[in-house]
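One structure is given here, and the rest of the page talks about it.
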Amino acid sequence: MAARVCIVGAGPVGVVAAVACATKGMQVTLFEAEREIDHSPRAATTHPSTLEMLAELGLLEEFQSVGLVARHFQFWDGATKTLVAEFDHEALRNETPYPYVVQTEQHKLSGIGLRRLSAMPNVELKLGTGVVDVAQDVGSVRVATATSEYVFDYVIGCDGGRSTVRKCLNIDFEGYTWPERFLVLTTLFDFQAALGCCQRSYISDPEEWTNLFKVMGDDLKGRWRAVFPARENESDEEAFSESAVRRRLRKLHENHPMELVVHRNIYRVHQRVAKSYRKGRVFLAGDAAHVNNPVGGLGLNCGIHDAMEFAETLHLVTTLQADETLLDRYERRRRPVNMKYVQQQTVANKKRLEERDPRVRQAHFDELRRAAADPVLHKQFLMRTSLIESVRKARKIP
C-alpha cells in the first residue's frame, strides 16, 4: 500500500514536494488555505542547482518558458554609479547543465505544479481548506481542518513563516527580525537600457542600497523590481507616497517616469530557523523551517531543496529500502546547510550592501573585483551563490 502523505501549503515548496512525492508513487493530499495562488511579488530567482531539480521533475521547460534566463549578475557602487564586478554563470558550464539563473515569479511555479498535480490519479488537491491542527501517535498523523479530520502516514508543513504545522509541534522559530522593512517597487522602466546594468544587479550604497532585477510579469513583456530598505520609522503610507517612490526611483535614474510604476509592496524581514525540522512523522520545509532576507535569492531555492530531500528520504523508507532511522537524515542535512549557506550568506550579503565605513566598503569592492578577475575564485564564488556547493555538501552528510 502506498504511503499516505499530507502536504500543507501550496506555495512553490509545497507544490514541488507534492509533485516529487506523487512521482515516486505516494498517495498525496495537498491542503492550501487560500482558494487561489497568491500573485503578489515574491521570490523570483531560481539558481542552477534548483533548475536541475525542476528538470528532474519535468517542470523546467514550462517554468523557463514563462521566465527570463539571466547568465550574469553585477555589483555596483551606488554612491558613484560605477560597476564594481560582474559574474558569469558560464563559468559553471562543466558543473551543471544550467549555467544561468531563471528569473520567474514564484506563483508561476505553483501554477505549473498544480496543473501537473491535478492530472495525477494519486493526488488530491484541497484548495481553500486550511489546516487548523496536527496531532500524531506512533503510527499515524491526524490532520484537522475546520470541518473534517484526516489520517496520514506522514505530514510536511510547507505553510510559510507563520506555519500552523510548526506551531502545532511547539517548535521554536529561533532568530530575529530586522528593524527595517523591505520596500519593493515594480516598474515597466527599462533600467538595463537606461543604466547599462544587467538583469540582476546589487547596488551598494551607504545611504540606501538597492536590489534591481528583471522579471517577465504575467504578460511576459518584462518589468523590473527595485528593492529598497524602508526607514525604521517609515509608515506604509510614507513609503508608498508619490514623493518617496519618486525619490527612490529617480536616485537610480533621474528621468524615471512615475506612470511606469505598476506595483508597490512592503514587508517585514526575518532571519529565523526552526529549532527542529522534524518531530516524529511530521516535517517542516521552506519558510515553515527557515526565513531570511532576500538578498541573493537563496530562501526559496533552499526550500525547494528541502522538498526534494524530503521526497527522496521518505521514498527510501516507505519502499523499505531503508529503515525509519533514515528519516533523521532530513534534519541532519537540511538544517546545517541552511544555517551555513543561506542564513550566514544572506546576512553577509545585506551587510555588504549597506556598509557605511568607506574603508570596509572599499575592501568589499576589492574582494569582489579579485574574485571576478580570477577564473578559480570566480568559479568558487558562483559555486556558493548558485547553491551547487551546498547541495553537494548535503549529499555527503550520512
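Rolling a 1.4 Å probe over the protein heavy atoms leaves Glu354 with an accessible area of roughly 50 Å².
Distance from the C-alpha centroid of the range 348-398 to that of the range 68-84: 15 Å, rounded to the whole angstrom. Computed on protein heavy atoms with a 1.4 Å probe, the accessible areas place Arg181, Arg166, Arg4 in the order Arg4, Arg181, Arg166, largest first.
Shown for the range 174-232: the carbon plus sulfur share of the solvent-accessible area, taken with all protein chains present and a 1.4 angstrom probe, equals 49%.
Give the angle, between 0 and 90 degrees and rounded to the nearest 10, that separates the Cα long axis of helix 344-354 from the longest principal axis of the Cα atoms of the chain. With both axes taken from Cα atoms, the answer is about 20 degrees.
Over the range 1-85, what percent of the accessible surface lies on carbon and sulfur atoms, probe 1.4 Å?
Details: 1600 of 3300 Å².
The value for the range 1-85 is 48 percent carbon and sulfur by accessible area.
Using the Cα centre of the chain as the reference point, and only Cβ charges (+1 on K/R, -1 on D/E), how large is the resulting charge dipole? Debye, rounded to the nearest 20. Before the final figure, lay out each step's value.
Values: 54 positive and 52 negative charges, 143 e Å.
Dipole about the Cα centre, nearest 20: 680 debye.
With Cα atoms defining each centre, the range 1-64 and the range 278-323 are spaced 11 Å apart in the structure. Phi angles of the range 162-172 translate, via the Karplus equation with coefficients 6.51, -1.76, 1.60 and θ = phi - 60°, into HN-Hα couplings of 9, 2, 5, 4, 4, 5, 5, 7, 6, 9, 5 Hz per residue; Gly and Pro are given as x. The charge dipole of the range 146-195, taken about its Cα centre with unit charges on the Cβ atoms of Lys, Arg (+1), Asp and Glu (-1) only, comes to about 140 debye. Within the full protein context, the accessible area of Tyr267 is estimated at about 70 Å² for a probe radius of 1.4 Å. Each residue was assigned an accessible area with a 1.4 Å probe, and for Glu259 the value is about 150 Å².
In nm, what is the difference between 0.36 nm times the number of residues separating Asn233 and Thr319 and their Cα-Cα distance? Write out the running numbers ahead of the final one.
On the way: separation 86, 0.36 × 86 = 30.96 nm, distance 5.44 nm.
Gain on stretching Asn233 to Thr319: 25.5 nm.
Pairs of Cα atoms in the range 1-51 fall into 5 Å distance bins, from 0 up to the last occupied one, in shares of 5, 18, 23, 20, 17, 12, 4, 1, 0 percent. Only one residue of Gly9, Thr319, Ala33 has its Cα farthest out toward the positive end of the dipole of the chain, where Lys and Arg carry +1 and Asp and Glu -1 on Cβ, and that residue is Thr319.
What 222 nm value per residue comes from the helices of the chain, counting each DSSP H run with n ≥ 4 as -39,500 (n - 2.57) and dividing by all residues, nearest 500 deg cm²/dmol?
Values: 14 runs with 142 residues, N = 398.
After summing the helix terms and dividing by the residues of the chain, the value is -10500 deg cm²/dmol.
Solvent-accessible surface of protein heavy atoms, probed at 1.4 angstrom with all chains present, puts Thr129, Thr313 in the order Thr129, Thr313, largest first. The listed residues His270, His378, His256 rank as His270, His378, His256 when sorted by accessible area, largest first, using a 1.4 Å probe.
Residue by residue, the range 209-224 carries 3J(HN,Hα) couplings of 6, 8, 9, 10, 8, 9, 10, 8, x, 5, 8, 6, 8, x, 7, 10 Hz when phi is fed to the Karplus relation 6.51 cos²θ - 1.76 cosθ + 1.60 (θ = phi - 60°); x denotes Gly or Pro.
Give me the 1.4 Å probe accessible area per residue for the chain, excluding ligands and nucleic acids, in Å². Walk me through the numbers before you get to the answer.
On the way: 17040 Å² over 398 residues.
Value for the chain: 43 Å² per residue.
In this structure the amide hydrogen of Gln136, modeled in the peptide plane, comes within under 5 Å of the amide hydrogens of Arg142, none closer than 5 places in sequence on its chain. Ligands, DNA and RNA left out, the 1.4 Å accessible surface of the range 121-163 is 49% carbon and sulfur atoms.
Relative contact order for the chain using alpha-carbon pairs under 8 Å, separation at least 6, rounded to a whole percent?
Working: 778 pairs, mean separation 82.8, N = 398.
Computed value for the chain: 21 percent relative contact order.
Using Cα pairs closer than 8 Å and at least 6 residues apart in sequence, work out the relative contact order for the range 1-51, in percent. Numbers along the way, then the final one.
Details: 46 pairs, mean separation 19.3, N = 51.
Relative contact order comes out at 38 percent.
The phi torsions of the range 43-54, fed into the Karplus equation with coefficients 6.51, -1.76 and 1.60 and a -60° offset, translate into couplings of 3, 9, 9, 10, 7, x, 4, 6, 4, 4, 5, 5 Hz, rounded to whole numbers, with Gly and Pro shown as x. Note on the chain: GNM, Cα springs under 10 Å; of Cys197, Cys158, Cys302, the largest mean-square fluctuation is that of Cys197.
Cα convex hull, the range 37-118: 96 Å³ per residue, rounded to a whole number.
Bridgeable lysines around Lys251 (alpha carbons under 16 Å apart, same-chain partners fewer than 8 residues away excluded): Lys81.
The values are calculated or read from the model by the stated rules, or taken from the named source; none is laboratory data. Note that the structure is predicted; figures quoted are calculated from it, not measured. Please note: Cβ atoms are built from the backbone with ideal geometry, for glycine as well, and neighbour counts cover all protein chains shown. To get the accessible areas, we keep the full protein, side chains included, count just its heavy atoms, and leave off ligands, DNA and RNA. Shrake-Rupley method; radii C 1.70, N 1.55, O 1.52, S 1.80 Å.
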